[in-house]
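The values are calculated or read from the model by the stated rules, or taken from the named source; none is laboratory data. Computed from a predicted model, the values in this text were never measured in an experiment. Positions of Cβ are backbone-derived with ideal geometry, glycine not excepted, and every protein chain shown enters the neighbour counts.
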Amino acid sequence: MRNAPRRRPGAWSADPEERMATPTKRPASTRPSKKEGKGVTHGIACIQATFNNTIVTITDGTGNVVTCASAGSVCFKGSR
């Protein structure tokens, strides 16, 4: 009489409890934390609208650019 074949590690078994994956611990994120805001309470919104694109620039009181966004960069496509 032959012995029962040994199961290799990681092979499927008939028992569903054994087939469940064991949770693994993920390493801590090495991504830097978010930047702090500039703390601008009042500003100026400059809007440049052309036939092809619209660009919105937010500046502080002295004219330094705080942020800038374009309708084309966010994949907005519209005829009007």
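Table for the structure above
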| read-out | value |
| --- | --- |
| Matching residues, segment 33-57, being within 20 Å of V74 (Cβ to Cβ) and part of a strand (DSSP E or B) | A45, C46, I47, Q48, A49, T54, I55, V56, T57 |
| G39 vs. criteria on the phi > 0 side of the Ramachandran plot and either modelled with pLDDT under 70 or within 28 Å of the chain's Cα centre (by Cα) (or both) | yes |
| Residue within segment 8-30 that is surrounded by 10 or more Cβ atoms within 10 Å (Cβ to Cβ) and modelled with pLDDT of 70 or more present | no |
| Of all residues in segment 58-80 being surrounded by 10 or more Cβ atoms within 10 Å (Cβ to Cβ) and part of a loop (DSSP other than H, G, I, E, B), the one that is modelled with the lowest pLDDT | F76 |
